[in-house]
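Read through the structure below, which is laid out as structure tokens, and then see the notes.
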Amino acid sequence: MKHAMMNPSPAMQTMLQTTRRHFFGLAATGLGAAALSSVLGRQTVDASQPQFPNHPAKAKRVIYLYMSGGPSQFETFDDKPMLRELNGKPIPKSLTEGVKLAFLQYEALKCFGTDIQFQKCGESGQSISDVLPHLQKVADDLCVIRTLQTDQVNHDPAHTFMNTGFGIAGRPSMGSWLSYGLGSEAADLPDFVVMRSGPLGQPIPTTAWHNGFLPGKHQGVEFYGSEQPLNYLKSPTGIDRATQARSIESIAALNRMQYDQSVDEEILNRIDQYELAFQMQTSVPDLANFASETTATRELYGVGDKPDGSFASNCLMARRMAEGGVRFIQLYHTGWDHHGGVVKGVKSRAQEVDQGCAALIPDLKQRGMLDDTLVIWGGEFGRTPMSQGGSGRDHHTKSGAMWMAGGGINAGTSYGETDDFGFTASIDPFHVHDFHATVLHLMGIHHKRLTYRHQGFDFRLTNVHGNVIEPLLG
């Protein structure tokens, strides 16, 4: 006997319209949440909402000055008289035995002493080379670290490791983790912005600022160093702002209807991104209006009244973004990969970045922002104390230099010492995982608590490693 099919109810229509994948996703979400609530005996927490800071934060935002290619510490922050004394002579084999190098052969590894001079700067007596005269003047605001260590000896995995804590692409970057953990301070700008400058050469993988498995809204947004930092900031001819606002509202309504059926979090992200893009049509052009800065400020950075794509120009843009509420600003400057002509190369790159880096310190300070803005300078690894081809240095994982300032950092100090040859840490190594743990701590986050469940695992920026380095904290 055949039965006539009844007209489906609204609820049944919704279920029929829901795909099999979304149905099981919805079911798993509901059952999993109910089970977890039962086990824990409390209400479940909405994982999409930031639960941090979980201790008082010293810093609210980060400006990360990333010197891409691996700047040589021996020409910038780690003076080694022993290398000058033994220039051209074999380096002790006991140092190099079992250490992975990128290009150098282990036969006839020779010491390479630089002819760049160093000065003891400020009341703190920080050792900084003469290629960085502007940074020498702000030495008492810096904490210089000379024992940076990483696990990756080649550029792409080293960039990925420095930014994500893992040598293989696919993990979220530090900026994405902070965006996820702390949320946004600005309604009209992204949480995480990236800018690039410098000569062409060794490329920077975009995985360095990717959101990985975190929701898409936490990915870094790349801005251009020009008067138009993003494409499509202007609406098409004939479309006024009110019309565009109505269109976005209508699209948002359609997206919410789809979300009600599929419960896909990326749909909510899509709504947020449409609204943010609309707000950025007004906020982003204002960022590029250097004419609103005082003449003294523009002279401090060495820039004009318009962005010109230089590193110094990007530094001023970064300060303006920090004022606007951007959580994590990362400025990449390329050209630090000096396998030959390292002295000439470092001098050229330093001349391009020195004034902009140093200008950030007094500029933030005079605005009352240095205390809660963490400024970081460094690359993906250091360079060898041994010569490559007579004038260059190879990649090196055992020692490198970086500095931090502001945002709860112990100013006017140094951390770590390398051996007489600068090959590896003799006191206080500073691993990339320690770097990440310390930055998160300064931002009010315990690095072991910032996790995200993906494919059945709880991932974190520091993997299963990392220690907060207390002497760096002011």
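The values are calculated or read from the model by the stated rules, or taken from the named source; none is laboratory data. It should be emphasised that the depicted structure is a prediction, and the values quoted were computed from it without experimental measurement. A quick note on method: Cβ atoms are made from the backbone with ideal geometry, for glycine too, and the neighbour counts reach across all protein chains shown. Remember, those area values only see protein heavy atoms, side chains included, never the ligands or the DNA or RNA. Shrake-Rupley method; radii C 1.70, N 1.55, O 1.52, S 1.80 Å.
Under a 1.4 Å probe, what is the accessible area of the stretch 425-468 per residue, stated in Å²?
Per residue, the stretch 425-468 has 46 Å² of solvent-accessible surface.
Leaving ligands and nucleic acids out of the surface, order Y452, Y301 by accessible area at 1.4 Å, largest first.
So, going from the largest accessible area down, we get Y452, Y301.
What is the distance, in nm, between label points placed 7 Å from the Cα along the Cα-to-Cβ direction at N463 and at K137?
4.2
For a quick check of understanding: with a 1.4 angstrom probe and all protein chains in place, what accessible area in square angstrom does T243 have, to the nearest ten?
Near enough 50 Å² of accessible area.
Given the options A277, A296, P236, identify the residue whose Cα lies farthest towards the positive end of the charge dipole of the stretch 236-296 (+1 on Cβ of Lys, Arg; -1 on Cβ of Asp, Glu).
Among A277, A296, P236, the one farthest towards the positive end of the dipole of the stretch 236-296 is P236.
Arrange the residues L360, L276 by how much accessible surface each exposes, largest first, with a 1.4 angstrom probe. Before the final figure, lay out the partial values.
Details: L360 0, L276 30 Å².
Largest accessible area first, the residues go L276, L360.
For the stretch 92-104, in order, what is each residue's ³J(HN,Hα) by Karplus, 6.51 cos²θ - 1.76 cosθ + 1.60 with θ = phi - 60°, in whole Hz (x at glycine and Pro)?
x, 5, 4, 6, 8, 4, x, 8, 7, 10, 6, 10, 5
Dividing the convex hull volume of the Cα atoms of the stretch 217-373 by its residue count, what figure in Å³ per residue is obtained?
Once divided by residue count, the hull of the stretch 217-373 is 164 Å³.
Once both axes come from the Cα atoms, what is the angle between helix 155-164 and the longest principal axis of the chain, in degrees from 0 to 90, rounded to 10?
On a 0 to 90 degree scale, this one is about 60.
For E470, what is the net charge nearby, where nearby means another residue's Cβ is under 13 Å from its Cβ and Lys, Arg count +1, Asp, Glu -1?
Details: positive: K58; negative: D428, D434.
Every neighbour counted, the sum reads -1.
At a temperature of 37 °C and a viscosity of 0.692 mPa s, determine how fast the stretch 182-304 diffuses translationally according to Stokes-Einstein, using the Kirkwood radius over alpha-carbon pairs as Rh; express D in µm²/s, rounded to the nearest whole number.
So the translational diffusion coefficient is about 192 µm²/s.
Which FRET efficiency, nearest 0.05, do Y224 and Q119 yield, Cβ-Cβ r, R0 51 Å?
The calculated FRET efficiency here is 0.90.
Between E97 and D428, take the C-beta separation as r, use R0 = 22 Å, and let me know the FRET efficiency to the nearest 0.05.
0.45
To the nearest 20 debye, what charge dipole does the chain have about its Cα centre, counting +1 at the Cβ of each Lys and Arg and -1 at the Cβ of each Asp and Glu?
Details: 41 positive and 48 negative charges, 216 e Å.
So the magnitude is around 1040 debye.
Taking 2.2 N^0.38 Å as the expected size of a compact globular protein, what ratio does the Cα radius of gyration of the stretch 121-241 give against it, to two decimals?
For the stretch 121-241, the normalised Cα radius of gyration comes out at 1.39.
On a full-extension model of 0.36 nm per residue, what is the gain between K110 and N289, subtracting their alpha-carbon distance, rounded to one decimal in nm? Walk me through the intermediate numbers first.
Details: separation 179, 0.36 × 179 = 64.44 nm, distance 5.08 nm.
Gain on extension, K110 to N289, equals 59.4 nm.
Set Lys and Arg Cβ to +1 and Asp and Glu Cβ to -1, take the dipole of the stretch 340-474 about its Cα centre, and tell me which of F381, A425, T451 lies farthest positive.
Working it through, the farthest residue towards the positive pole turns out to be T451.
For I239 paired with T282, estimate the spin-label separation in nm (one decimal), with each label point 7 Å from Cα along the Cα-to-Cβ line.
Computed distance between label sites I239 and T282 equals 1.8 nm.
How large is the Rg to Rh ratio of the stretch 302-411 when both quantities use alpha carbon positions and Rh follows Kirkwood?
Ratio of gyration radius to Kirkwood radius: 1.02.
Suppose every Lys and Arg Cβ carries +1 and every Asp and Glu Cβ carries -1, with no other charges. What dipole size does the stretch 81-207 come out with about its Cα centre, to the nearest 20 debye?
That gives a dipole near 500 debye.
Put +1 on the Cβ of every Lys and Arg and -1 on every Asp and Glu Cβ in the chain; which of H333, P133, L182 then has its Cα farthest towards the positive end of the dipole?
The listed residue farthest towards the positive side: L182.
Can you check what the net charge comes to around E299, using other residues whose Cβ is under 14 Å from the Cβ of E299 (Lys, Arg +1; Asp, Glu -1)?
Taking every Cβ under 14 Å from that of E299, the sum is -2.
Please report the carbon-and-sulfur percent of the accessible area for the chain; probe 1.4 Å, protein heavy atoms only, DNA, RNA and ligands left out.
It is 53 percent, rounded to a whole number.
By how many nm would the segment from N87 to I168 grow when fully extended, if each residue of separation counts as 0.36 nm and the alpha-carbon distance is taken off? Display every interim value, and only then the final one.
Values: separation 81, 0.36 × 81 = 29.16 nm, distance 3.71 nm.
25.4 nm is the gain from fully extending N87 to I168.
Output the peptides 171-179, 188-196 sorted from most to least packed, where packing is the average of other Cβ atoms within 10 Å over each peptide's residues.
Taking the mean over residues of other Cβ atoms within 10 Å, the ranking is 171-179, 188-196.
Return the subset of K80/K365; K398/K448; K306/K347; K365/K448; K110/K347; K120/K347 for which the Cα-Cα distance in this structure is over 29 Å, preserving the input order.
K80/K365; K365/K448
Give the accessible area for R246 in Å² (nearest 10); use a 1.4 Å probe, count only protein heavy atoms, and leave out ligands, DNA and RNA.
140
Taking a probe of 1.4 Å, how large is the accessible area per residue of the stretch 277-403, in Å²?
On a per-residue basis, the stretch 277-403 sits at 30 Å².
Kindly write out, for the stretch 263-274 in residue order, the coupling ³J(HN,Hα) from the Karplus curve 6.51 cos²θ - 1.76 cosθ + 1.60 (θ = phi - 60°), rounded to whole Hz, with x marking Gly and Pro.
So the J values, rounded to whole Hz, are 6, 9, 4, 5, 5, 5, 4, 4, 4, 4, 5, 4.
Please list K60, K80 from largest to smallest accessible area, probe radius 1.4 Å, with all protein chains kept in place. Write down the numbers at each step before the final one.
Details: K60 95, K80 30 Å².
Descending order: K60, K80.
Given R₀ = 60 Å, FRET efficiency for D260-E323 by Cβ-Cβ distance, to 0.05? Walk me through the numbers on the way to the answer.
Working: r = 38 Å, r/R0 = 0.64.
That gives a FRET efficiency of 0.95.
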